[in-house]
Amino acid sequence: MHVLMVCLGNICRSPMAAAVLDNKASELGANITVGSAGTADYHVGEGPNVMSQQVWTNAGYQYDHTAAQFTIEHFDTADLVLVMDAANRRDVLRLSRGPQDAGKVALLRSYDPTLAELDSDDPRLEVPDPWGGSRSDFEEVLTMVERSVDGLLARLA
Ligand code: 4NP
């Protein structure tokens, strides 16, 4: 099982989500590999956003990351493409070659069991962009990511 986390810049949200899933899956001994990508090429080759990395490291997650852009080939290697917001979903679906690709795409927070009753286009299912925000914005993103990843792991178990 390969899970790809996708956001816009691939420096804040999706590397944090990949860090959380990678660490939690390892702890559980789950056979899950994790990657991440951004729909934009702005930060390709860069490391993670400093605040994002500090927040996930402080929470006990260890993860190395270099930013990359999402490409069509990611549909071939990923079983699940988990996007952070509706714009990411639109941009990823624009590259999909058909229902097999499109069927792999979901909002990460759709796996949060406390949000299970929401429609798939409900804005409350989005992980807000914390770029340029405060530490507490990044900590809120981490909380959303952790709940969703726990829900994902429970569903896959
Ligand atoms: P991310 O945050 O999509 O969570 O990595 C952003 C990072 C960079 C930019 C926007 C969002 N940017 O416009 O450069």
Discussion item. Against the definition (over 15 Å from the mean Cα position of the chain (by Cα), more than 25 Å from Pro130 (Cα to Cα) and part of a helix (DSSP H, G or I)), how does Gln100 come out, yes or no?
Written reply: yes
Worksheet item: Only one of these conditions is not met by Phe75: (1) more than 26 Å from Leu156 (Cα to Cα); (2) touching an Asp or Glu at 6+ places or on another chain (Cβ under 9 Å). Which number is it?
Response: (1)
Response to the item:
Residue hits (region 92-115; out of contact with any helix residue (DSSP H, G or I) (no Cβ under 8 Å at 6 or more places or on another chain) and either among the β-branched types (Val, Ile, Thr) or modelled with pLDDT under 95 (or both)) are Val92
Worksheet, complete the sentence: Residues in region 21-65 that are in contact with a Phe, Trp or Tyr (Cβ under 6 Å, 6 or more places away or on another chain) and within 16 Å of the ligand (Cβ to nearest atom) total 5
Worksheet item: Out of region 59-96, which residues are of a type in the set (S, T, N, Q), within 21 Å of Gly45 (Cβ to Cβ) and touching a strand residue (DSSP E or B) at 6+ places or on another chain (Cβ under 9 Å)?
Response: Gln69, Thr71, Thr77, Asn88
Discussion item. Would you confirm whether or not region 62-73 contains a residue that is closer than 17 Å to Arg147 by Cβ, modelled with pLDDT of 95 or more and under 14 Å from the mean Cα position of the chain (by Cα)?
Written reply: no
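A quick yes/no check of all residues on (1) free of Cβ contacts under 8 Å to residues at least 60 places away in the same chain; (2) surrounded by 21 or more Cβ atoms within 10 Å (Cβ to Cβ); (3) of a type in the set (A, V, I, L, M, F, W, C):
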| position | (1), (2), (3) |
| --- | --- |
| Ala18 | yes, yes, yes |
| Ser26 | yes, no, no |
| Ile32 | no, no, yes |
| Ser36 | yes, yes, no |
| Thr39 | yes, yes, no |
| His43 | yes, no, no |
| Pro48 | yes, yes, no |
| Ala59 | no, no, yes |
| Gln69 | yes, no, no |
Worksheet item: Given (1) part of a helix (DSSP H, G or I); (2) in contact (Cβ under 8 Å) with a residue 24 or more places away in the chain; (3) in contact with a Leu (Cβ under 9 Å, 6 or more places away or on another chain), where does Trp131 come up short, assuming only one miss?
Response: (1)
Worksheet item: Would region 4-17 turn up any residue that is among the β-branched types (Val, Ile, Thr), more than 11 Å from the ligand (Cβ to nearest atom) and either under 20 Å from Ala102 (Cβ atoms) or not in a strand (DSSP E or B) (or both)?
Response: no
Discussion item. I'd like the full set of residues that are under 13 Å from the mean Cα position of the chain (by Cα) and either outside any helix (DSSP H, G or I) or not basic (Lys, Arg) (or both), limited to region 74-91.
Written reply: Ala78, Leu80, Val81, Leu82, Val83, Met84, Asp85, Ala86, Asn88
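The values are calculated or read from the model by the stated rules, or taken from the named source; none is laboratory data. Treat the numbers as computed from the prediction; the structure is a model and nothing was measured. Every residue, glycine among them, receives a Cβ derived from its backbone with ideal geometry; neighbour counts consider all protein chains shown.
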